[in-house]
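A.B. asks: Please see the structure below; I have some questions.
The values are calculated or read from the model by the stated rules, or taken from the named source; none is laboratory data. What you see is a predicted model; the values in this text were computed from it and never measured. Glycine also receives a Cβ, built like all others from the backbone with ideal geometry; neighbour counts cover every protein chain displayed.
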């Protein structure tokens, strides 16, 4: 089955139920209305010749309907990041995937102050072209049986690509990830939580990221749940009030977003939450313990990648180890291999994480070489380091690229961060990066969001737990540490800022 076919089943089953409490328009849209609107958009999108159609719309019913309409028309949505460099990302996507049409919104472009580029088509303009005939035809079609409606829309294999998503680009240029219907279905069919149509999802993650499109959209809309759609995950106070108002039961967020909610929430805001899930970055003990103490809420940390649709593993009720990223989902094989020999390692030995199963992407569009480097005999090389303990829990140690060789030894930047955080104020964020050193190969430096700390004391305490070569040489204050729109730290930008600060410090010393 394909995802839009499953949506048709859901829409026919839960016709009068609210699918989306759409904060962008202030409207509550029921499932039968979602079906009708998607059929109208299918007709509009069918006229575009390209196999791919860009979608650059904030998290809303409009974005969800655009995705469904594109799939119903037999085309593939290419999700474009509008939060960081919308114009550049649009051009990059068009060139990478060889298409022209991008569905977007005039309101969005005005808000982010971006001028339209060739190929952009506005939802506002599409709405003005919808005739009475269009509406009547779609209405008639929506009254058909599930099977007849499914016959009237594109029908293909579950192995067809259902979305193109771009990797974050936090380490290098974004790659175009091809996820299939089978990939997404594997994830939503194996989520380790007891979720049903009575649940209400907070849908505030951007749908141009895999965490958002799978967990905030396809999971609830194929189960018949209601979604509270809000386009900006950084509006922490508003989101907390929405959770309280709509009695949200399921929420997924990055640790950075949880930290924002932690600071802005009021007692009682999270009383309705059954399953709060964290992913995309390391959940610090500050945040985990803070929520437990203040709001009596245990956050379930998981682990995934864009290339795995995304969830690989997750903590869950009755099977939780704080600090770990849980056990693999059903149908997912995980093994740890030596970074030099690729030999499979026994439990509790740290190495590279490899994953196998129906969740693994088809490949990178237009990049056979990179695909073959990352997928071998069905095993996807995550590029992450970690271990599996005796109980089957995965402990994520960070990106392999976040390990650095200093004096011939492999040093984990993530481990340095976790130790440093123990000696920082709860509100402080730290990021550890490496900068080039012509003698040692690299210097380790730290960036903090606050300068109100005793640096000497912190470094002295860290020296009790880390070798001398792993102690940061410098601690820089960066009040606003650059973040990706996904909520991850933008390591490339942090590294660049630290390099510039190091260079400036050297120049000042030379002048003296």
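Table: residues versus (1) at pLDDT 95 or above; (2) under 24 Å from the mean Cα position of the chain (by Cα); (3) surrounded by fewer than 20 Cβ atoms within 10 Å (Cβ to Cβ); (4) not in a loop (DSSP other than H, G, I, E, B).
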{"site": "5", "(1), (2), (3), (4)": "yes, no, no, yes"}
{"site": "12", "(1), (2), (3), (4)": "yes, no, yes, yes"}
{"site": "16", "(1), (2), (3), (4)": "yes, no, yes, no"}
{"site": "19", "(1), (2), (3), (4)": "yes, yes, no, yes"}
{"site": "35", "(1), (2), (3), (4)": "yes, no, no, yes"}
{"site": "49", "(1), (2), (3), (4)": "no, no, yes, no"}
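A.B. asks: Taking the stretch 323-338, which residues are loosely packed, with under 14 Cβ neighbours inside 10 Å and either at pLDDT below 95 or under 20 Å from the mean Cα position of the chain (by Cα) (or both)?
C.D. replies: 338
Yes or no, residue by residue, for (1) part of a helix (DSSP H, G or I); (2) surrounded by 17 or more Cβ atoms within 10 Å (Cβ to Cβ); (3) at pLDDT below 95:
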| site | (1), (2), (3) |
| --- | --- |
| 96 | yes, yes, yes |
| 103 | no, yes, no |
| 115 | no, no, yes |
| 144 | no, no, no |
| 150 | yes, yes, no |
| 159 | no, no, no |
| 169 | no, yes, yes |
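A.B. asks: Residues that are modelled with pLDDT of 95 or more and over 25 Å from residue 312 (Cα atoms): which helices (runs of 4 or more DSSP H) entirely in the stretch 184-264 hold 3 or more of them? Walk me through it before giving the result.
C.D. replies: Details: elements: 219-223, 236-246, 255-264.
Qualifying helices (runs of 4 or more DSSP H): 236-246.
A.B. asks: Being at pLDDT 85 or above and closer than 25 Å to residue 503 by Cα, is that true of even one residue in the stretch 366-377?
C.D. replies: Filtering the stretch 366-377 for residues at pLDDT 85 or above gives 366-377.
After this cut, where a residue has to be closer than 25 Å to residue 503 by Cα as well, the list is none.
No, the conditions are met nowhere in the stretch 366-377.
A.B. asks: While we're on this one: May I ask you to list the residues in the stretch 213-227 that are surrounded by fewer than 24 Cβ atoms within 10 Å (Cβ to Cβ) and either in contact with a strand residue (DSSP E or B) (Cβ under 7 Å, 6 or more places away or on another chain) or under 19 Å from residue 80 (Cβ atoms) (or both)?
C.D. replies: Listed by number, the list holds a single entry, 225.
A.B. asks: Answer with yes or no whether residue 381 is assigned to a loop (DSSP other than H, G, I, E, B) and surrounded by 14 or more Cβ atoms within 10 Å (Cβ to Cβ). Break it down into steps so the answer makes sense when it comes.
C.D. replies: On the way: assigned to a loop (DSSP other than H, G, I, E, B): no; surrounded by 14 or more Cβ atoms within 10 Å (Cβ to Cβ): yes.
No; evaluated as a whole, the condition is false for this residue.
A.B. asks: Next question, about the same structure. Based on this model, can you work out whether residue 247 counts as in contact with a helix residue (DSSP H, G or I) (Cβ under 8 Å, 6 or more places away or on another chain) and farther than 17 Å from residue 212 by Cα? Give the derivation first.
C.D. replies: On the way: in contact with a helix residue (DSSP H, G or I) (Cβ under 8 Å, 6 or more places away or on another chain): no; farther than 17 Å from residue 212 by Cα: yes.
Against the criterion (in contact with a helix residue (DSSP H, G or I) (Cβ under 8 Å, 6 or more places away or on another chain) and farther than 17 Å from residue 212 by Cα), residue 247 does not qualify.
A.B. asks: Same structure, new question: Residue check: is residue 40 at pLDDT 95 or above, under 30 Å from residue 224 (Cβ atoms) and not in a helix (DSSP H, G or I)?
C.D. replies: Details: at pLDDT 95 or above: yes; under 30 Å from residue 224 (Cβ atoms): yes; not in a helix (DSSP H, G or I): no.
No.
A.B. asks: Assess whether residue 404 counts as being assigned to a helix (DSSP H, G or I) and closer than 27 Å to residue 463 by Cα. Full working, then the answer.
C.D. replies: Working: assigned to a helix (DSSP H, G or I): no; closer than 27 Å to residue 463 by Cα: yes.
Taking the combined requirement at face value, the residue does not satisfy it.
A.B. asks: Would you say residue 124 is under 22 Å from the mean Cα position of the chain (by Cα), in the same structural domain as residue 48 (by TED's automatic domain parsing), assigned to a helix (DSSP H, G or I) and surrounded by fewer than 14 Cβ atoms within 10 Å (Cβ to Cβ)?
C.D. replies: Numbers: under 22 Å from the mean Cα position of the chain (by Cα): no; in the same structural domain as residue 48 (by TED's automatic domain parsing): yes; assigned to a helix (DSSP H, G or I): yes; surrounded by fewer than 14 Cβ atoms within 10 Å (Cβ to Cβ): yes.
No.
A.B. asks: On to the next question. Does the stretch 450-458 contain any residue that is under 30 Å from residue 209 (Cα atoms) and at pLDDT below 85? Reasoning before the result, please.
C.D. replies: Of the residues in the stretch 450-458, the ones under 30 Å from residue 209 (Cα atoms) are 450.
Narrowing the set further to residues that are at pLDDT below 85 leaves 450.
Within the stretch 450-458, one or more residues are under 30 Å from residue 209 (Cα atoms) and at pLDDT below 85.
A.B. asks: Would you point out the residue of the stretch 283-299, among those that are in contact (Cβ under 8 Å) with a residue 40 or more places away in the chain and closer than 29 Å to residue 332 by Cβ, that is surrounded by the most Cβ atoms within 10 Å (Cβ to Cβ)? Full working, then the answer.
C.D. replies: We begin by selecting, within the stretch 283-299, every residue in contact (Cβ under 8 Å) with a residue 40 or more places away in the chain; these are 284-286, 290, 299.
Narrowing further to those that are closer than 29 Å to residue 332 by Cβ: 284-285, 299.
Numbers: 284: 21, 285: 13, 299: 25.
Here the residue is 299.
A.B. asks: Go through the stretch 51-94 and count every residue that is within 24 Å of residue 147 (Cα to Cα) and assigned to a helix (DSSP H, G or I).
C.D. replies: Of the residues in that region, 9 qualify.
A.B. asks: Find the residue count for the stretch 423-449, including only residues that are out of contact with any strand residue (DSSP E or B) (no Cβ under 9 Å at 6 or more places or on another chain) and at pLDDT 85 or above. Lay out the reasoning, then the answer.
C.D. replies: From the stretch 423-449, those out of contact with any strand residue (DSSP E or B) (no Cβ under 9 Å at 6 or more places or on another chain) are 423, 425-427, 438-439; that's our starting set.
Going one step further and asking which of them are at pLDDT 85 or above, we end up with 423.
Residues flagged as out of contact with any strand residue (DSSP E or B) (no Cβ under 9 Å at 6 or more places or on another chain) and at pLDDT 85 or above within the stretch 423-449 amount to 1.
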